[in-house]
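Any read-out appearing in this document is the output of simple, stated calculations on the displayed coordinates, not a laboratory observation. From a predicted model like this one, the values you see are computed outputs, not experimental measurements. Glycine gets a Cβ as well: all are built from the backbone with ideal geometry, and neighbour counts include every protein chain shown.
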Amino acid sequence: MKKTPPPKKPLVHFIGIGGIGMSSLAQWFMAQNWAVTGSDITRSLITHDAAKRGVKVKIGPQKASNLPSRTSLVIRTQAVKPDNPEYAAARHRKVPIMTYPEIVGQLTDEYRTVAVAGAHGKSTTTAFMALLLERAKLDPTVIIGTRLKEFGENNFRPGHGPWLVLEADEYGKAFLNYTPTIAIITNIDKEHLDTYGRLAGVKRAFLTFIGRILPGGALIVNADDKNTVSLKSRTLKIARKNHVEVIWYSRRSPLAAKLRKVLKIPGEHNVSNALAAMAAAKLFHIPEKNALVTLGIYRGSWRRFDRRGSFRDAIVFDDYAHHPTEIKATLQGFRARFPKKKIICVYEPHQAERLRRLWPEFQTCFDLADELVMLPIYRVAGRDNREHPTYNSRNLAALVAKRNPKKTVRYLPDYRKLGKTLVALSPAPLRDKVIVMMGAGTIAEHTKGLLKHSRQ
């Protein structure tokens, strides 16, 4: 008697599997017993990790043949347009196509969700919340925009409890697809202006997000941020209408002093992130003492104050900061941590449009760095324009140098010469310096190359 073969798993295909959020969502589908395939234009650490976890990944020019014949669902990044060959093939076959935010929005309907939004600090605050709920035995599912050491260097945690902890990105109005039970807003800033046009548009989106909190839920919001405070009356009006509790947190509270004593990651911005998580912990009846212990053992996220090794006796860190506000806060953290060392910042701008819209802010955010090496702009496929004759890395480096005539500033068009450039920056010994590799593009790969060069 012939054995009946087991039924084939449903298959989902990801166009743009190299995105950190997409790779996390892919793991959720695998946890639900789906077969998962994906494609991306370029190879990265994220695509490598996805392949190791069982995703069949195609790297290179995207083409119709990448789409498996038995595909049940296609998930695409918002940058993928209808003329993408895989997208077009799915439409031709009448395979359902959804964006990452649309799928995650459905998940927030299935789970009770803690959604962490804000221009800066989302990943760290989401990590804090994930660890708090895990240690409280609530077994959360976690989708986060960074890899956590505590989760085996992963950006996803499969849970069996009712709660989803989610990093809620505002790019492309993604977070307006979500219906959280608890929402955290870390801050509001001039970010993703290609989507919102100006700060007023960003603020309107956050008010809409507040309106999506489920009745009986809670909003936790930063009282130290001028932009969140500017929306206070409208925030409270929306919250009262929807029966949502509003909790404000501030670094002026006595709890901030306790956090400064226990946190292993530096910077006042991280004290603020921890305060947001502590406010949420109260809603889960987690004792303050227990919460402080949990946050105190947190070792930091991937590419956030991430110590990677050394180059010629200089300590090398890798950091995701790419917005002027983040750059300034991160450099403040390094200055506080290494008051007697010189800080070399190696920065790769992320997106020409961000550079153009925040041009004045970029000229001032590097003030706390002793030396600066500026790399060419990282351009995001499907979202970026050609190099602007004015708003480019070379001109930015020149303006920073003009503002700080005593600061050593270099524009480096060829990152392969980074090692030689760092050695030649000044006669001071490298052991007296800290090198901060900073940006959201390929800078992490440049960090690997620098460390490899140091060992040769």
Looking at the range 63-109, which trypsin sites (Lys or Arg not before Pro) are in a loop (DSSP not H, G, I, E or B) and have at most 12 other Cβ atoms within 10 Å? 70, 93, 94
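Evaluate the relative contact order of the range 11-99 (contact order divided by residue number), counting alpha-carbon pairs under 8 angstrom at least 6 apart; express in whole percent.
Result for the range 11-99 is 31 percent.
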Determine the dipole magnitude for the range 306-455: charges of +1 sit on the beta-carbon of Lys and Arg, -1 on that of Asp and Glu, nothing else is charged, the reference point is the Cα centre, and the result goes in debye to the nearest 20. 400
Loop only by DSSP, 12 or fewer other Cβ within 10 Å of the Cβ. Give me the trypsin sites (Lys or Arg not before Pro) in the range 335-416 that pass, ordered by residue number. 340, 386, 406
DSSP bridge pairs, the range 306-455: antiparallel proportion in percent, nearest 5: 20
Computed over all unlike Cα pairs, the Kirkwood hydrodynamic radius of the range 1-106 in Å stands at 13.9
May I ask you to work out the translational diffusion coefficient for the range 306-455 at 10 °C, viscosity 1.306 mPa s, via Stokes-Einstein with Rh from the Kirkwood sum over Cα pairs, reported in whole µm²/s? 104
Return the loop-located chymotrypsin sites (Phe, Trp or Tyr not before Pro) in the range 191-297 (DSSP other than H, G, I, E, B) with at most 16 other Cβ atoms within 10 Å of their own Cβ; answer none if there are none. 284
Over 12 Å apart: what share of the alpha carbon pairs of the range 135-179 falls there, rounded to a whole percent? 65
To the nearest 20 debye, what is the magnitude of the charge dipole of the chain about its Cα centre, counting +1 on the Cβ of each Lys and Arg and -1 on the Cβ of each Asp and Glu? 540
Taking the range 306-455 and dividing mean pair separation by its residue count, relative contact order in percent (alpha carbons under 8 Å, at least six apart): 37
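Averaging sequence separations of C-alpha pairs under 8 Å and six or more residues apart, then dividing by the length of the chain, give the relative contact order as a whole percent.
Once divided by the residue count of the chain, the mean separation gives 11 percent.
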Spelling out what I want: for every residue of the range 199-204, take phi, set θ = phi - 60°, compute 6.51 cos²θ - 1.76 cosθ + 1.60 (Karplus), and round to whole Hz; glycine and proline get x. 4, 4, x, 4, 4, 4
Expressed as cubic angstrom per residue, what is the convex hull volume of the alpha carbon set of the range 179-320? 138
Tell me the Rg and the Dmax, in Å, that the Cα atoms of the range 284-347 produce. 15.0, 49
For the range 81-86, just list the computed ³J(HN,Hα) in residue order, Karplus coefficients 6.51, -1.76 and 1.60, θ = phi - 60°, integers in Hz, with x standing in for Gly and Pro. 9, x, 7, 4, x, 5
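Distance cut-off 18 Å, Cα to Cα: go down the list 420/452; 122/237; 407/433; 203/226 and report the pairs above it. Display every interim value, and only then the final one.
Numbers: 420/452 13 Å; 122/237 25 Å; 407/433 14 Å; 203/226 12 Å.
Over 18 Å Cα-Cα: 122/237.
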